[in-house]
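Beneath this line is the structure, given in structure tokens, with notes to follow.
The values are calculated or read from the model by the stated rules, or taken from the named source; none is laboratory data. If you're wondering where the values come from, they're calculated on a predicted model, not measured in any experiment. As a convention, Cβ positions derive from the backbone with ideal geometry for all residues, glycine included, and neighbour counts pool all protein chains shown.
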Amino acid sequence: MGKDESFLEWITRVILAVMMNFSVGIIIGCLAFIFSLYELISSYNPSTIAAFLFFVAATSGAISFCLSFILAMYVGVTGAALGIGVVLGSNSSNNRIGRGDDRRRLGRYED
């Protein structure tokens, strides 16, 4: 945590770095799977059509899994941040309104 950044900025930077690392890792893993899939298929000596169809099916499954995982990760972090923002926003507005009403009611309101 640097001198000029708050805790909220620091935790946001850390969470974004973790999400980026997971995203890059999943994409690289998916590409490595796709490139090694050819060797796996050719080791069984299937017909050309069966090999092509299996390659297409396995590749589309791998890509859809990776994209779904990355999307779920980003949606989860965004939803958590939104929820925390709503809770903190409602708490801060309730506290300000509550203090102001109490001061007016007790006759101690000062501008």
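Write out, first by first residue and then by second, each pair whose Cβ atoms fall under 7 Å of each other, whose residues are 6+ apart or on separate chains, and whose first residue, in region 63-76, is free of Cβ contacts under 8 Å to residues at least 40 places away in the same chain while the second is assigned to a helix (DSSP H, G or I).
ILE63/CYS30
Residues are listed down the side, and each one gets a yes or a no for (1) outside any helix (DSSP H, G or I); (2) surrounded by 12 or more Cβ atoms within 10 Å (Cβ to Cβ); (3) at pLDDT below 95:
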residue: LEU8; (1), (2), (3): no, no, yes
residue: MET20; (1), (2), (3): no, no, no
residue: CYS30; (1), (2), (3): no, yes, no
residue: LEU37; (1), (2), (3): no, yes, no
residue: ILE49; (1), (2), (3): no, no, no
residue: LEU53; (1), (2), (3): no, yes, no
residue: ALA58; (1), (2), (3): no, yes, no
residue: CYS66; (1), (2), (3): no, yes, no
residue: VAL75; (1), (2), (3): no, no, no
